[in-house]
Amino acid sequence: MHSFGYRANALLTFAVTILAFMCTLASFSDNFNSPTPTAQVKVLNINWFQKQPNGNDEVSMTLNISADLQTLFTWNTKQVFVFVAAEYETPKNSLNQISLWDGIIPSKEHAKFWIHTSNKYRFIDQGSNLRGKEFNLTMHWHVMPKTGKMFADKIVMPGYRLPEEYR
Amino acid sequence: MDWQGQKVAEQLMQIMLLGFAAIAFATGYIMGSFQMMIYIYAGGVVLTTLVTVPNWPFFNRHPLKWLDPSEVEKHPKPQQSVNANSKKKPTKK
């Protein structure tokens, strides 16, 4: 501590160490938040449903997605990535996940939303298994904190069924 | 900066930084604003730097009192040359 440089160095080192500790505490404080998000997805219409020339089924649908993810946000939340996936089982794969829509929620004010949209990404099966197929629509989200590790969760909404015939 | 000043500067630096960190974290958590925590802490670091890093007169209140040069003649260093010579002579023989 005898010279300007030594004092500046000691101060900076200690200040950064404390900053790291504060960030750790901020990340730890997220554990006290118990989120209660809600989500509903309605399939308003099957726009078309066909077999591609290569044999894969493809379906286009209109969705109404509404969700309230406000409780996911804490003071340490940077943003939330959310996507809606169709999940179903086929003889070949025990779990197929197809992302139909996604979005980035930048703040708590935008976390309660509803959107009326056709599927943003194409709903194509690996094969021809979609006729009359029961599927789940699952809302997944990944919370990106300002400091600390990301965490993810989902809401599974079962009980959707595709038509028996192409249209 | 004298010895006493160095001790005070180091203690002041640690106490001020920890204090600002506690205030910043509490304020940020209560207001729900991470940004506020960072701003308060950054302000605290700048203030602490200004207080403890420059060599303020405050840190020089206890200057070392060196002995007057005339004291050297009054208290001569113990002469070791006699001992050294007597020890080295046997090895040379």
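Values in this text are rule-based calculations from the coordinates and carry no lab data. Just so you know, these numbers come straight off a predicted model, no measurement behind them. Glycine gets a Cβ as well: all are built from the backbone with ideal geometry, and neighbour counts include every protein chain shown.
Quick test for you: out of A:Val84, A:Val80, pick the one residue that is assigned to a strand (DSSP E or B), aliphatic (A, V, I, L, M) and under 30 Å from A:Ala20 (Cα atoms). Don't jump to the end; show me each part of the working.
Numbers: A:Val84 fails: under 30 Å from A:Ala20 (Cα atoms).
Selected residue: A:Val80, the only one of A:Val84, A:Val80 that is assigned to a strand (DSSP E or B), aliphatic (A, V, I, L, M) and under 30 Å from A:Ala20 (Cα atoms).
When you scan the range A:124-135, how many residues do you find that are surrounded by fewer than 19 Cβ atoms within 10 Å (Cβ to Cβ) and not small (Gly, Ala, Ser)? Number of matching residues: 5. Of all residues in the range A:43-70, those that are part of a strand (DSSP E or B) have Cβ atoms under 7 Å from Cβ atoms of residues that are among the acidic types (Asp, Glu), 6 or more apart or on another chain, in A:Gln50/A:Glu58; A:Lys51/A:Asp57; A:Asp57/A:Asp125.
If you filter the range A:1-51 down to residues that are more than 8 Å from chain B (Cβ to nearest Cβ), aromatic (Phe, Trp, Tyr) and under 28 Å from A:Val80 (Cβ atoms), you find that the one that is surrounded by the fewest Cβ atoms within 10 Å (Cβ to Cβ) is A:Phe32.
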